[in-house]
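K.L.:
Sharing a structure below in C-alpha cells format, with a few things to ask.
The values are calculated or read from the model by the stated rules, or taken from the named source; none is laboratory data. For clarity, every value in this text was computed on a predicted model and none was experimentally measured. For neighbour counting, all protein chains shown are included, and Cβ atoms are generated from backbone atoms with ideal geometry for every residue, glycine included.
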Amino acid sequence: MSNAVLILLSTFLILHGARAQEIKIGVLFDGEDDELTEWIFQTAVESYNKEREYFPDNDLVVVIEKIPRGDDFAATNAVCKLLEQGVIAIFGPSGESSQHVQSICDAMEIPHMVTKHDPNQEGLNSVINLHPHYSVMAQILVDIVNLFDWKVFTILYEKNENLPKLSELVKMHDGKIHIISMKQLDQSNEKNYREVFYDVKKSGDTRFIIDCSTEILYDVLIQAQQVGLMSDDHSYLITNLDLHTIDLEPFKYGGSNFTGMRLIDPEDPETIESVEYLNNLNRESSDSDDKITPYTLRTEAALMIDALYVFASGLKELDIVDEMLDEESFSCEEENGWKRGLSMVNYMRTVDVRGITGNIRFDRQSFRTDFQLDIIELTAEGIHKIGLWNVTEGLNISRTGTLKQIPALEGSLSNMSFTVITAISRPYGMLKDSSLTLVGNDRFEGFGIELIDEISKMLGFNYTFVLEPNGVYGSMDKKTGKWNGMIKELLEERADLAITDLTITAERQKAVDFTNPFMNLGISILYKAPTKQPPKLFSFMSPFSSEVWLFLGSAYMGVSILLFVVARMAPKEWQNPYPCIEEPEKLENQFSMPNSLWFTVGSVLQQGSELAPIAMSTRMIAGIWYFFTLIMVSSYTANLAAFLTVESLSSPISDAEELANNDVGIMYGSKKGGSTLGFFNDSSNEVYQKMAQYMTDHPEALTSSNDEGLMRVQMHNYAFLMESTSIEYITERNCDVSQVGGLLDNKGYGIAMRKNMYYNDALTKAVIKLQEQGMLHKMKDKWWKEKCGGGACSGDADTGGGSVALTLANVGGVFVVLVGGCTASIFVNGLEMLFDVWNTARTNKIPFRKELVDELKFVAKCSGDTKPVRHRNVNRSSESGSGESESLKSKESKRSKSSPKSYGK
Ligand code: ASP
C-alpha cells in the first residue's frame, strides 16, 4: 500500500464530497493484555478506511465491547448489544466465552471471525477460524518429538480446552518406549507454578512440553528456572506460537534447549512492511509512541489483522454493501439475523490471500488448513529458525535438536509398565502354593519377584510377570546366531525385563544389557552328602600325621643316641659303682645304650625311669626332651579327643578334577542351555575341557532344571554342576546332598533387558541402592534360610572336617627347640670333657694332648658302660656334683695321689 495510493484515494473522496457510509464490525476483548491488540486492530481498520481499496464508499467502524474473561453471561449481553448497533461481523473474543458468541452468531447468521482454536465449531455455519487447527498442530508436535527422539517427557499444560492440541502426544504413551507424564499448571495459585515444577523435578524428567497462554509463558519459564529445571540437561518444546515475542534473555545462556513454533515469520519482507505501515499510521493518527516490531507482534493480533483482511476480501467479493446497510440493526430476542450473513461467510471461505500469518485458505468447515509454521530454537544469540512445517512437505528441519541421553534417575520410570519374564527356578521365581486360584502377578513369589517389586516401588513403574514356559534362560545357536529362551523373548520385544538366576555372560551381553549383578556366585558341584565312616582300628594314630610320627620316632632315636654319647663324654656320668669301695678300679656309666633308650621312652610315656642324669650336659638333654614330650603328648591328647568324638565323613570326590578323572563311574552334567554348560564349553582349562567333552558325549547327563539335577543327585550316582547360590538353597533344605569342592569361577546374576534401553541406568542404580541398604542381603536370608523350609539342615552342617591330623607345620616348633637344646648340650658336654682332661693332665703331669686322645679313644669305642680308673691321683673334687659323689671323688683323689695308674688297655 503505497503513499501514492493513499493520496489518490483521499483525493477521490474529497472530489466526490460524499460522506462515506458506515460498515460496523464488533470486537469482543476479554483478555488482560488486549490493549496492544486493540490498537493494532484499530490501526488496521484505519488503514482500510484510508486506502478505500476494499470499501471505496464506506467507512469501517469498530465497536468494541470488553467483557470479563470466562463470563459467558457478559459475553452474551455484549454480543446482543453489538448486534443491536447493527454490526455485521463479530471478531473475538479469544477466551472461553467464544463458544457462546459463536452460537448466537450462528443463530443470527452473523459472521464470527475467530482467532483461537475451537473444537466445537464443527457444524456451525457462521464461523471463520483463522487459527491453525489443533489436530494439525498435534501432529506437528508429534513429528518434532519423534524427530528429536524424545522417549520420556512431561507435558505441562494450562487449560483443558487446549488438550486436543496435545492429544496425539498423549497417545504416544505406551508405558514401555514412550513414557509421557502430564501435569496441569495450577491456575488457582496466582501465577505460582513452582509446586508443579518441584514435583516434576523430583520425577527426574528432563524434557518438557509446555502448553500455556502467552500471558503466563514468561512466568512459567522463569519459575522453571528458579526451581532448577534449566540446566544443560533440560529441553523444552513450547507449543505457544508466541515464544519469540516474550523476553527470552534470562533463558539464553542456561544451556537448556528451547524449541518453539511461530506462525509469523518476522523476517518475511511483507510482514516487515505491513508492521511498518501500521506503525506509521499509528504515529500519524494518534501521535502515540506505541510501536510494534515483527518480533513483538503476537499471533493473536496478527490473526485479528488477517481476520479483518479476510472479512474485507469477502465483503468485496460479495459486493452487497448498500443492500446490507439497509438493515440498521439486529435483535437477539426477535432472532432477526442478517439475510446475507451466510453468503458472506461462504465468500470468506473461498478467499485465497496472503496475510501476515501466511497463506490464508479455509476448508469446508471454515478451519484454516494451508498454513506454514516456522520451527525455532533459542540459542545464546537469540531465536533461530531451524526448520519449517507446511502441509505439503510436513516437518522439515535443517538441524535436529540435541539427542541427549536422559539421565535416568529415581522415580523417572513412573507410569511405565514393564513386562517381566521369569522362569521357574527356586527361589528366584516360584509359583505360589495356594488353595485359591491366583491370577496375574499374584501367581508368583521368590527372590527375583520381590526384587522387581522393590525396584518398582523405588522407581514407580508397573510390571506384569510372564513365564518362560520351558524354563530356558537363553543361549545362542552358534550356527544360526539365533537366541532361545528368555533372551529371545526380550529381543522379540515380548518382554522388557528378564529376571531369575540369569547369569551375566559375555555372550549374552552382546545381545542384551544387564543391570549390575544383584548376587555373586560361582559354579560348584552338588553331590550326595559324605557318608559317615566306621571308626578305624588304628584311629589312635590319627592325631598326628604320618610325617609327625616319623619325625617323632627319629627324634626319639636321635635323642637316645645323643644321650648315650654325651653321657660317655661327660666325666660326671662315670660313677663309682660300689660306694663302699673307696678306691674303685672301674667307674660305671648309667647311660648305656639300652638305658638311654629306656630313659627317653620313659619320659615320652610320662612314666619316668630310675635313671637320673648327673652331668650338666645330660641334664640339659633330659630337660629339653621332657619339654618336647610335654608339648607332643599334650597335642596328641587334645587332638585324640577330637578324633574320638567326631565321626569322619567320606566322599568319593572332593573337587572338579577328581570328578573329571573319576573312575568310580559318577555321571555328571549341568543345566541344558545354561551358562554353566557354556562355561565348560568355552573354557581353556584342560580339566574343564575334558568335562565339557564328557557332557557333549553324554547329553542325557544334562538336565532341564535345577530340580531335575537335584533329583538325579539324590536318586543316582550323579553329580550336578550348578551355581553356588542355588546349591546353598538346596543344601539348606536337602540334608542328603552337599556342595563338593570350591567355586570354579566367579560371576553374577543380573536383570536383563534389550540393548540401550534408557531405563537400564535407573534399574542399575536401584539395584546398587538396595545392595547398600542391606536389602538384598535381607532378602537372601529370607528366601534362603527362612521361607519354604529353609534351615532344615543347619544342624547337619558338620562335614567331618572338624578334626584333622596334626602335621609338622603344627608341631614343627617343638622339634626345633629340641634340636636347639641338644646342640647346646653337646657344646656344654665338650667343655665338661675338656676341663676334666685338662685337670687330669695338670694333676698327673702328663701332656694334655695325650690325655685328650686317650679319653676320646675310649669314648669312640662306644662299648662298655665301665671305665677303668686310669689315674689314681686324679682329683675331680674341684667340680660340683652330688654330695655322695663329691665325698667319693675327694677320697679317691687323695688316694690317687700316692698310686697313680694307667688304663693299661
Ligand atoms: N544361571 C544359569 C544361567 O543363567 C543356569 C545354569 O546354567 O546353571 O544360564
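K.L.:
Between a first residue in the stretch 721-750 that is in contact (Cβ under 8 Å) with a residue 12 or more places away in the chain and a second residue that is surrounded by fewer than 17 Cβ atoms within 10 Å (Cβ to Cβ) and part of a strand (DSSP E or B), which pairs have beta carbons less than 8 Å apart while being 6 or more apart in sequence or on different chains?
P.N.:
These pairs meet every condition: Asn746/Asn520; Lys747/Asn520; Gly748/Asn520.
K.L.:
Right, Thr637: within 17 Å of Phe540 (Cα to Cα), in a helix (DSSP H, G or I) and hydroxyl-bearing (Ser, Thr, Tyr) or not?
P.N.:
On the way: within 17 Å of Phe540 (Cα to Cα): yes; in a helix (DSSP H, G or I): yes; hydroxyl-bearing (Ser, Thr, Tyr): yes.
Yes; evaluated as a whole, the condition is true for this residue.
Residue-by-condition table, conditions (1) crowded, with 16+ Cβ neighbours inside 10 Å; (2) closer than 20 Å to Val472 by Cα:
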site: Asp682; (1), (2): no, yes
site: Gln689; (1), (2): no, no
site: Gln693; (1), (2): no, no
site: Leu702; (1), (2): yes, yes
site: Asp707; (1), (2): no, yes
site: Met711; (1), (2): no, yes
site: Asn717; (1), (2): no, no
site: Met722; (1), (2): yes, yes
site: Thr725; (1), (2): yes, yes
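K.L.:
Take the stretch 518-544 and flag every residue that is part of a loop (DSSP other than H, G, I, E, B) and closer than 22 Å to Gly665 by Cβ. Show your work before the answer.
P.N.:
The first filter runs over the stretch 518-544 and keeps only residues part of a loop (DSSP other than H, G, I, E, B), leaving 518, 522, 529-530, 533-538, 542-543.
Selection gives Ala529, Pro530, Gln533.
K.L.:
Next question, about the same structure. Given (1) buried (at least 20 other Cβ atoms within 10 Å of the Cβ); (2) in a strand (DSSP E or B), where does Thr419 come up short, assuming only one miss?
P.N.:
(1)
K.L.:
Kindly indicate whether any position in the stretch 560-573 is out of contact with any Lys or Arg (no Cβ under 6 Å at 6 or more places or on another chain), more than 16 Å from Leu818 (Cβ to Cβ), part of a helix (DSSP H, G or I) and within 16 Å of the ligand (Cβ to nearest atom).
P.N.:
no
K.L.:
Find the strands (runs of 3 or more DSSP E) located wholly in the stretch 114-194 whose residues include 2 or more that are aromatic (Phe, Trp, Tyr), and list them. Break it down into steps so the answer makes sense when it comes.
P.N.:
On the way: elements: 127-129, 152-157, 179-184.
So the answer is 152-157.
A quick yes/no check of all residues on (1) modelled with pLDDT of 90 or more; (2) in contact with a Phe, Trp or Tyr (Cβ under 8 Å, 6 or more places away or on another chain); (3) at positive phi:
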residue	(1), (2), (3)
Val828	yes, no, no
Ala841	no, yes, no
Asn844	no, no, no
Val859	no, no, no
Ser880	no, no, no
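K.L.:
Identify all residues within the stretch 694-711 that are more than 19 Å from Ser654 (Cα to Cα) and either β-branched (Val, Ile, Thr) or within 16 Å of the ligand (Cβ to nearest atom) (or both); write none if there are none. Talk me through it step by step, then tell me what you get.
P.N.:
First, the residues of the stretch 694-711 that are more than 19 Å from Ser654 (Cα to Cα): 695-708, 711.
If the condition is that a residue be more than 19 Å from Ser654 (Cα to Cα) and either β-branched (Val, Ile, Thr) or within 16 Å of the ligand (Cβ to nearest atom) (or both), then Met695, Thr696, Pro699, Ala701, Leu702, Thr703, Ser704, Ser705, Asn706, Asp707, Glu708, Met711 are the ones that fit.
K.L.:
Mind counting the residues in the stretch 650-693 that are outside any loop (DSSP other than H, G, I, E, B) and either within 13 Å of the ligand (Cβ to nearest atom) or out of contact with any His (no Cβ under 8 Å at 6 or more places or on another chain) (or both)? Reasoning before the result, please.
P.N.:
We begin by selecting, within the stretch 650-693, every residue outside any loop (DSSP other than H, G, I, E, B); these are 650, 656-660, 667-669, 671, 675-682, 686-693.
Right, trim to either within 13 Å of the ligand (Cβ to nearest atom) or out of contact with any His (no Cβ under 8 Å at 6 or more places or on another chain) (or both) and you get 650, 656-660, 668-669, 671, 675-682, 686-693.
Result for the stretch 650-693: 25.
K.L.:
Can I ask one more? With the structure loaded, tell me whether Leu229 is within 19 Å of Ala380 (Cβ to Cβ), in a loop (DSSP other than H, G, I, E, B) and hydrophobic (A, V, I, L, M, F, W, C) or whether it fails that test. Step through it out loud before you land on a result.
P.N.:
Details: within 19 Å of Ala380 (Cβ to Cβ): yes; in a loop (DSSP other than H, G, I, E, B): yes; hydrophobic (A, V, I, L, M, F, W, C): yes.
Yes.
K.L.:
Out of the residues in the stretch 66-97 that are surrounded by 23 or more Cβ atoms within 10 Å (Cβ to Cβ), small (Gly, Ala, Ser) and in contact with a strand residue (DSSP E or B) (Cβ under 6 Å, 6 or more places away or on another chain), which is farthest from Gly314 (Cα to Cα)?
P.N.:
Ala78
K.L.:
Could you list, in sequence order, the residues of the stretch 721-754 that are closer than 20 Å to Leu459 by Cα and either assigned to a strand (DSSP E or B) or more than 16 Å from the ligand (Cβ to nearest atom) (or both)? Don't jump to the end; show me each part of the working.
P.N.:
Keep residues of the stretch 721-754 that are closer than 20 Å to Leu459 by Cα, which gives 750-754.
The answer is Ala752, Met753, Arg754.
K.L.:
OK, next. Could you grab me the full set of residues in the stretch 456-511 that are among the β-branched types (Val, Ile, Thr) and either farther than 20 Å from Ser425 by Cα or within 15 Å of the ligand (Cβ to nearest atom) (or both)? Give the steps one after another, and end with the answer.
P.N.:
Just the residues of the stretch 456-511 that are among the β-branched types (Val, Ile, Thr), to begin with: 464, 466, 472, 480, 487, 499-500, 503-505.
If the condition is that a residue be among the β-branched types (Val, Ile, Thr) and either farther than 20 Å from Ser425 by Cα or within 15 Å of the ligand (Cβ to nearest atom) (or both), then Val472, Thr480, Ile487, Ile499, Thr500, Thr503, Ile504, Thr505 are the ones that fit.
K.L.:
Oh, and also: Could you grab me the full set of residues in the stretch 48-103 that are under 58 Å from the mean Cα position of the chain (by Cα), farther than 21 Å from Leu36 by Cα and outside any helix (DSSP H, G or I)?
P.N.:
Hit for the stretch 48-103 is Asp71, nothing else.
K.L.:
Does the stretch 795-805 include one or more residues that are at pLDDT 90 or above and more than 30 Å from Ser554 (Cβ to Cβ)? Working first, answer last.
P.N.:
Looking only at the stretch 795-805, we keep the residues that are at pLDDT 90 or above, and these are none.
No - not one qualifying residue is present in the stretch 795-805.
K.L.:
Within the stretch 182-209, restricting attention to residues that are buried (at least 19 other Cβ atoms within 10 Å of the Cβ) and of a type in the set (S, T, N, Q), which residue is farthest from Val136 (Cα to Cα)?
P.N.:
Ser203
K.L.:
If a residue has to be within 14 Å of Ser670 (Cβ to Cβ) and hydroxyl-bearing (Ser, Thr, Tyr) to count, how many in the stretch 718-741 make the cut?
P.N.:
3
K.L.:
Quick check on Gly255: is it touching a helix residue (DSSP H, G or I) at 6+ places or on another chain (Cβ under 7 Å) and either in a strand (DSSP E or B) or closer than 29 Å to Gly204 by Cβ (or both)?
P.N.:
no
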